[in-house]
Every structure is written in C-alpha cells, then in structure tokens.
Amino acid sequence: MRFTDEHRAIRDTTARFIETEINPHAAEWEKAGIFPAHEVFRKLGELGLLGISKPVEYGGMGLDYSYQVVFAEELGRIAGGGVGMGIGVQVDMATPALAKFGSDALRREFLVPAISGESVASIAVSEPGAGSDVASITTRAEKSGDDYVINGTKMWITNSTQADFLCLLANTGDGPAHLNKSLIIVPTKTPGISFSARLDKLGMRSSDTAQIFLEDVRVPQRNRIGEEGQGFTYQMLQFQEERLFAAVSGLKGLERCIQLTIDYTRERKAFGQSILDNQVVHFRLAELQAEIEALRALAYDAVEGYIHGEDVTMKASMAKLKAGRLAREVTDACLQYWGGMGFMWDNPIARAYRDTRLLSIGGGADEVMLSIICKLMNILPGRKKRA
Ligand SMILES: Cc1cc2nc3c(=O)[nH]c(=O)nc-3n(C[C@H](O)[C@H](O)[C@H](O)COP(=O)(O)OP(=O)(O)OC[C@H]3O[C@@H](n4cnc5c(N)ncnc54)[C@H](O)[C@@H]3O)c2cc1C
C-alpha cells in the first residue's frame, strides 16, 4: 500500500490526539474500569476521525478503507487496549452496516451523531448461549403493528453502559438460520432495556462491558437496517471490517512491547552483561519484529483487495487469526524478558498480555477463523443442516 499525504495527516492527527487526550488518562481509566466515551468520542468527532470511511452526506470524510486502517493502526499507540476497542466498536463494528444498508432517515437519526461523536454505539450480537455460533442466537423481534417487540439477552457488550443505541441482531422470522435475522437499531433509553453491572474482566479494563436484558422492547420497524432477513449476511459483511480493524489495531501496540523490552533489557544486567546481549533474547525480539512486519503485509494486502471490491474473507480471516496468535507470542516473550517486573499488575507488558488475549476470542475465535479458512479451502467436513 502506498500512503499519501492525506494518510500521513490522519496518522499524525491520531497520534497527537492519543498522546495529549488519551495516554495521560489511560492508567486512571484502567483503574476506574471505564473511559468517558462521550467526552473522548466528541473530541474525535470534532477531528473527523469517527467518520473517515463514512459517506460525506452523513458527516463522514468519504475516504476509502485504507485511511481507516491508518487510523486503526495508530490506535495501537494507546497505553492499554480498552479505549481502542471502544473506538473500534463505534467506527468498525456498530456502524458499517448502518452506513451501507440503512435508510436515509435511519442514517440521519443514528449515523450522523455517531460520526460527530455525540452518540455512543454498541454492537449487540453475542448472547449467553451463542457467541461463536452467531446463527444460533435466540433474541426475537416480533412484529406488532408498525413496531418490533424485542425479547432476549445480549452478553459481553462493549460500550454498553454508556451507549445511546445498539446495532442489534435478532430473529425476525422462522426460516433458515441464515435468512431469518435482521439488524435493528435500538435506542438504549427505550423502556424494557436494562443492564447488568459492569463485567469484571481479565483485560481491556478501561472498556465497559455488560449484559443487556430486553423485555418487550418496542421499536419502530423503520429502525431495521436494510431488508428483513438479511441481518446475518449484513453482520458477516460487517465482520470483514471488524476483522481487518482487529488485525491492524494491534500492530503498534506489539511493536511498543518490543521497544519497551529492548529498553528494559538493555539496562538490566545479569551474569555480567545486559539481558539484551544474550543472543537468545535479541534474536527472539528480531524474529518477533519480523513476524509483526509479515502480519502488517498480510493485513495491508487484504485491505488493498477490500478497497478494490474483492472478496477478502480469506485474507481478513487469516490476518485476524495471525494477529491473535502473534499477540500471544509477543506479549508472552516480552513478559518473560522483564522477569519479575513483567509480572507486576501495572507493568505495561503485563497490561498488553492481559488485553491482547481477547484477540483470539472476540469477534470470532481463532477456531472460527480456521473454520472459515478451511471452508474456503474446501476442506471443512460437511455439517448436518440446522432444523
Ligand atoms: C471483552 C469482551 C468484549 C466483547 N464485546 C462484544 C460486543 O461488543 N458485541 C458482541 O456481540 N460480542 C462481544 N463479545 C463476545 C465475543 O464476540 C464472544 O465472546 C466470541 O465471539 C466467542 O463466543 P463465546 O464466548 O460464546 O465462545 P464459545 O462460542 O462458547 O466458544 C468457546 C471456545 O470454543 C472454541 N470453539 C468455538 N467454536 C469452535 C469450532 N467450530 N471448532 C473448534 N473450537 C471452537 C473456541 O476456542 C472458543 O473460544 C465480547 C467478548 C469479550 C470477552
């Protein structure tokens, strides 16, 4: 990918914003278990950074996805994964389907404030009984006059305690599991919605995550994104951006882990020499740096295809898989070379070790990525059809 001055401007603006508006507060938000999403998003919105690849007529910049990738990559500079994840949900998980398939009225009502940063969005797909197996969700939206009445429970929803609206996947029919679902925009102030307490997580601690209960929640049918029954397909398309975002947003964070480890091990002495001077250490760090560069190349290649309209399901799934696996390798190796200091809770490597563990689970676990790759390689054994 060849970057232009416009790419570089987005990169610099994002990096400056992170250094001045996010990193000085990262430790405090980590302890609080939440970051002030409205405040941060409003400032990002003023800089135009929440609508980089969104249509101009709704307040976006109308740029192709390569610009969004530059933004996602810079988010890796944040000293902690939770804030970047919250931003990622807003721009690449809860709003792509709305931007592409929502009606004009729906986009004016919900996309415009999501781009300006006045509202906070969540993507509500997972349920207590259905995470990897998205097709088996049980939340239902029944028609009643001009409305849908929604009942169900959503689990592990990022940004949810601060969200103004959910982009929610629900069953709206009884047909085959891939053709009976719709994505519906649900304002969180609607009567019948309640939230659990914030969930206590291993990592991503500055991001708020909760369970959402929907009991006879009534929203107009015009809040449905696109065609009825196409929600599963729209969600799968939306996952492409989510997976590309996940693959690139971790790169700089991993490079930061390597750099911090170089700095630390260069100073730290054992057996008469610096830890870094042991060949096993500097060779390992060089090898991991090479792996990061290889992942970057794969992710950029997938993005290049995506902006030219190719189906990049295979490459995006591979990039997401590699990102999860590599994050575990890099943070584990770096933590090892920090010794006891790496085991301290507030150590930056320990934080990255906890935060990045989610990459292999959230937004499609490693095994789900492998199943997709196998399917496209035509080596996935057939499954019994769902009832
Ligand atoms: C911090 C956090 C934030 C999240 N944010 C959101 C959000 O904003 N919105 C949302 O909708 N969801 C969110 N999720 C949910 C997340 O997407 C799911 O946890 C994820 O999809 C995995 O689903 P599950 O936890 O039900 O795991 P399960 O489906 O129960 O799977 C458990 C494990 O089984 C293995 N497995 C699964 N399928 C296969 C297979 N076919 N073959 C072999 N092994 C397999 C995998 O190792 C997997 O990790 C979040 C989760 C976390 C932890």
Legend entry - Dmax and Rg, reported as Rg then Dmax, of the chain (C-alpha, Å): 21.1, 79
Inset, instruction - Provide the solvent-accessible area of Lys100, counting protein heavy atoms only and rolling a 1.4 Å probe, rounded to the nearest 10 Å². - result: 110
Legend entry - Accessible solvent surface per residue of the stretch 1-121, calculated while the other protein chains remain in place, 1.4 angstrom probe, Å²: 38
Inset, instruction - Describe numerically, in nm with one decimal, the distance between label points set 7 Å from Cα along Cα→Cβ at Met236 and at Lys269. - result: 6.1
Legend entry - Point-to-point label distance, Asn378-Lys31, nm (Cα→Cβ direction, 7 Å offset): 5.9
Legend entry - Helix runs (DSSP H) in the chain reaching 24 Å along axis by Cα, Kyte-Doolittle at least -1.0: 231-249, 251-267, 279-307, 313-338
Inset, instruction - Restricting things to alpha carbons, find the Rg to Rh ratio for the stretch 309-360 using the Kirkwood radius for Rh. - result: 1.18
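Calculate the FRET efficiency for Leu199 and Arg325 from the Cβ-Cβ distance with a Förster distance of 22 Å, rounded to the nearest 0.05.
With a Förster radius of 22 Å, E is 0.30.
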Inset, instruction - Between the alpha-carbon centers of the stretch 52-118 and the stretch 1-47, tell me the distance in whole angstrom. - result: 13
Legend entry - With every protein chain in place, the stretch 272-332: carbon and sulfur % of accessible area (1.4 Å): 52
Legend entry - ³J(HN,Hα) computed for each position of the stretch 131-138 - Karplus, 6.51 cos²θ - 1.76 cosθ + 1.60, integer Hz, glycine/proline x: x, 4, 8, 4, 4, 9, 4, 10
Inset, instruction - Using all C-alpha to C-alpha distances in the stretch 180-254, build P(r) with 5 Å bins and read off the rounded percent in each one. - result: 3, 12, 13, 16, 20, 19, 11, 5, 1
Inset, instruction - For Lys375, tell me the accessible area in Å² from a 1.4 Å probe, rounded to the nearest 10. - result: 140
Inset, instruction - Would you mind working out the accessible area per residue for the stretch 214-332, using a 1.4 Å probe, and quoting it in Å²? - result: 47
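Which sequence of Tyr65, Tyr337 reflects their accessible areas, 1.4 Å probe, from the largest down?
Ranking Tyr65, Tyr337 by accessible area, largest first, yields Tyr337, Tyr65.
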Legend entry - Whether the stretch 23-80 is rounded, prolate or oblate, judged on the alpha carbon gyration tensor where a/c under 1.5 counts as rounded: oblate
Inset, instruction - Return a whole-number percent for the relative contact order of the chain, with Cα pairs under 8 Å and 6 or more residues apart as the contact set. - result: 17
Legend entry - Other-chain or far-sequence residues with amide H under 5 Å of Ala121's (modelled H): Asp164
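What number comes out for accessible area per residue over the stretch 139-204 if the probe is 1.4 Å? Units Å², please.
42
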Legend entry - Per DSSP, loop chymotrypsin sites (Phe, Trp or Tyr not before Pro) in the stretch 237-287 with at most 13 further Cβ within 10 Å: Phe271
Inset, instruction - Using only Cα atoms, locate the centre of the stretch 122-171 and the centre of the stretch 246-284, then give the distance between them in Å, rounded to an integer. - result: 43
Legend entry - Within the accessible area of the stretch 182-235 (1.4 Å probe), percent carbon and sulfur: 49
Inset, instruction - Please work out, to two decimal places, the log10 of the ratio I(q)/I(0) at q = 0.13, 0.23, 0.25 Å⁻¹ from a Debye calculation in which every Cα of the stretch 49-118 carries one identical scatterer. - result: -0.35, -0.98, -1.12
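The values are calculated or read from the model by the stated rules, or taken from the named source; none is laboratory data. On a predicted model such as this, the values are computed, not experimentally measured, just so you know. Note that we place each Cβ from the backbone using ideal geometry, even for glycine, and neighbour counts take in every protein chain shown. We work out accessible area using only protein heavy atoms, side chains counted, and drop any ligands, DNA or RNA first. Shrake-Rupley method; radii C 1.70, N 1.55, O 1.52, S 1.80 Å.
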